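The structure appears right after this line, and notes come after that.
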Amino acid sequence: MARPEQVLLLEPQHELKFRGPFSDVVTTNLKLSNPTDRNVCFKVKTTAPRRYCVRPNSGILDAGTSINVSVMLQPFDYDPNEKSKHKFMVQSVLAPPDMTDMEGVWKEAKPDELMDSKLRCVFDMPVENEKTHDMESNKMMSSSLLKSDSSTLPPKSMSSTFDDGEVKKIMEECKRLQMEAQRLREENKQIREDDGLRMRKSNVMSSQHTSIGMKKDEGLSARTMALIVLFFVVGVIVGILVL
C-alpha cells in the first residue's frame, strides 16, 4: 500500500544547498510548515549522521505553524570532483488528539500512516572573491547554534527554533566560556612570568657561586706562593749557616 502524501510543506522542497568553503561549519535552513488543523509529529533523518548536526531533529508542529530546522555540515576536505550522495528525509505522522508520548506515537504508527519527503544535498564552492564573505557569514550563523550531534531532542510543541530563554542560555554560556578562556590565558601568562623569575634567580645564584669559587682559588694560589717564597728564604739562610 502506498504511503499517504506528505502534509508538511518543505522549503526548499527537493535539495539542501551548502555553500563553501568547507573549512568551517556550514549551516543551511529547512523550513517546515503545517497547513493542516492537526498537530503533526516530525523527524529529520540523514544518510550521513556523523557529518551533520540537526537542530531540532524531531518534535511536534502545531496546526497552522512552521519551524526552521538548522542543518549544520561539519568541516571536511572538499573534492570538487566528488558528487555528494548525502540525503535527508523528513518523516511525519499525524498526532492523535490525546497524545501524551511522542515516542509512543512513532512506535505505534502503522506503515500506511507514515509520510516522508526526501531531499538531496548539494555542495557549492564559491569563486575566490566570495570566499571571505561567506566564511564570516557561516561563522556568525554557527556560533549562535548549539554544536552537538543530532541526538534526541525533548519532545515539545514548538513554532520556532529557539525561544528567548534558550537564546539567553546560549549567550550566558558563550560569556562563561570567554571568561574561562581569559582566566586560563592569565594563568598561563603568570606561569611564564614565574618561570622567568626562577630562571633569573638561578642564573644569579650560579654567578655568585662561580665568583666565590674564583676568590677561593685566588686565595689558595696566594698562600701557595707565600709558602714557596718562605721555604726558599729559609733554605738560603740554612745554607749560609752551614757554610
field: Bins of 5 Å, starting at 0 and running to the largest distance - Cα pair percent for the range 68-112
entry: 4, 12, 18, 14, 13, 12, 8, 9, 7, 2, 0
query: For the range 1-115, what is the largest minus smallest coordinate of the Cα atoms on each principal axis, given in angstrom and ordered from greatest to least?
result: 48, 29, 23
statement: At R0 = 35 Å the Cβ-Cβ FRET efficiency linking K175 and S66, nearest 0.05, sits at 0.70
- prompt: What does the accessible area of D101 come to, in Å² to the nearest 10, when a probe of 1.4 Å is used?
  reply: 80 Å²
message: Ranking request for peptides 184-192, 72-80: highest mean number of other beta-carbon atoms within 10 Å first, then the rest in descending order.
response: 72-80, 184-192
- request: Can you tell me how much longer the chain between T224 and M99 gets when fully stretched, taken as 0.36 nm per residue apart minus their C-alpha distance, in nm with one decimal?
  value: 34.3 nm
query: Taking the highest mean first, how do the peptides 93-100, 44-51, 58-65 order by number of other beta carbon atoms within 10 angstrom per residue?
result: 58-65, 44-51, 93-100
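The values are calculated or read from the model by the stated rules, or taken from the named source; none is laboratory data. Predicted model, so just to flag it, every value in this text is computed and none were measured. All Cβ positions, glycine included, derive from the backbone under ideal geometry; neighbour counts span all protein chains shown. Each accessible area value is taken on the protein alone, full model and side chains, heavy atoms only, with ligands, DNA and RNA left out. Shrake-Rupley method; radii C 1.70, N 1.55, O 1.52, S 1.80 Å.
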